[in-house]
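The block underneath contains the structure these notes are about, expressed in structure tokens.
The values are calculated or read from the model by the stated rules, or taken from the named source; none is laboratory data. These numbers come from a predicted model, not from an experiment. Cβ atoms come from the backbone with ideal geometry, glycine included; neighbour counts cover every protein chain shown.
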Amino acid sequence: MRLTIQARNMSVTPAITKRIERKTETMGRYLWPETEMQIKMRKEKNDLRVVEITVPMGKNVILRSEASADDNLFLAIDQALAKMERQIRKHRTKLGKNLREEIPDVPEYIEADQETEETERKVVKRKTYPVRPMSVEDAIIEMDLLGHNFFVFVNIDTERTNVLYLRKDGDLGLLEPEA
């Protein structure tokens with residue numbers, strides 16, 4: 001992976017370059033060696049430090065992250081690189097599959113990384129049950145009685161299938177699909 005570091009209204013010190021290189025080492029194993037990561041830093045009038053990172057990945061994929069911090073360039077760099085690493089990890093499976101389809105010789109670092117990759121989720125159990133019309137209040141009672149964190153029912157008012165679910169904040173949510 002090649003790094004291009006640019007700065008506006010500031011200078012790129014060896015400490016900045018060293019920090020960027022150290023933080024991007026782990027990302028290099030997910031990318032082709034000829035991939036270029038462009039890092040643009042700028043200082044704005046109100047002492048805000050902004051870091052933009054762009055990584056062109058193949059034909060139609062460009063990954064981009066941006067972060068800013070008040071008067072702390074290293075914090076902005078760390079935040080932008082963390083966002084970029086999440087994007088790269090998110091797309092690595094998709095990109096790896098595309099790369100293998102396009103090029104017959106897959107580099108060793110992609111093959112080795114595929115071994116540690118999580119397996120795809122699959123349906124391991126199917127269950128059927130009768131769905132009967134009921135009000136939202138009845139569905140809440142039924143969900144509580146069952147001890148589940150969601151409940152599928154036919155809403156008696158709309159005559160459509162709804163999903164009642166328990167939110168992380170402890171309240172309830174209701175999904176009402178539209179056709």
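Conditions tested, residue by residue: (1) surrounded by 11 or more Cβ atoms within 10 Å (Cβ to Cβ); (2) touching a helix residue (DSSP H, G or I) at 6+ places or on another chain (Cβ under 7 Å); (3) assigned to a strand (DSSP E or B).
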position	(1), (2), (3)
Ile20	yes, yes, no
Lys23	yes, yes, no
Gly28	yes, no, no
Arg49	yes, yes, yes
Thr54	yes, no, yes
Arg64	yes, no, yes
Ala69	yes, yes, yes
Looking only at region 142-170, filter to residues that are within 26 Å of the chain's Cα centre (by Cα) and without any contact (Cβ under 8 Å) to a residue 12 or more places away in the chain; which one of those is surrounded by the most Cβ atoms within 10 Å (Cβ to Cβ)? Arg167
Take the residues in region 10-31 that are of a type in the set (S, T, N, Q) and in contact with a strand residue (DSSP E or B) (Cβ under 8 Å, 6 or more places away or on another chain), then tell me which one is modelled with the lowest pLDDT. Thr24
Top-ranked residue in region 30-47 [being of a type outside the set (A, V, I, L, M, F, W, C) and in a loop (DSSP other than H, G, I, E, B); ranked as nearest to the chain's Cα centre (by Cα)]: Thr35
Can you name every residue in region 30-47 that is buried (at least 16 other Cβ atoms within 10 Å of the Cβ) and either more than 18 Å from Ser65 (Cα to Cα) or in contact (Cβ under 8 Å) with a residue 60 or more places away in the chain (or both)? Tyr30, Trp32
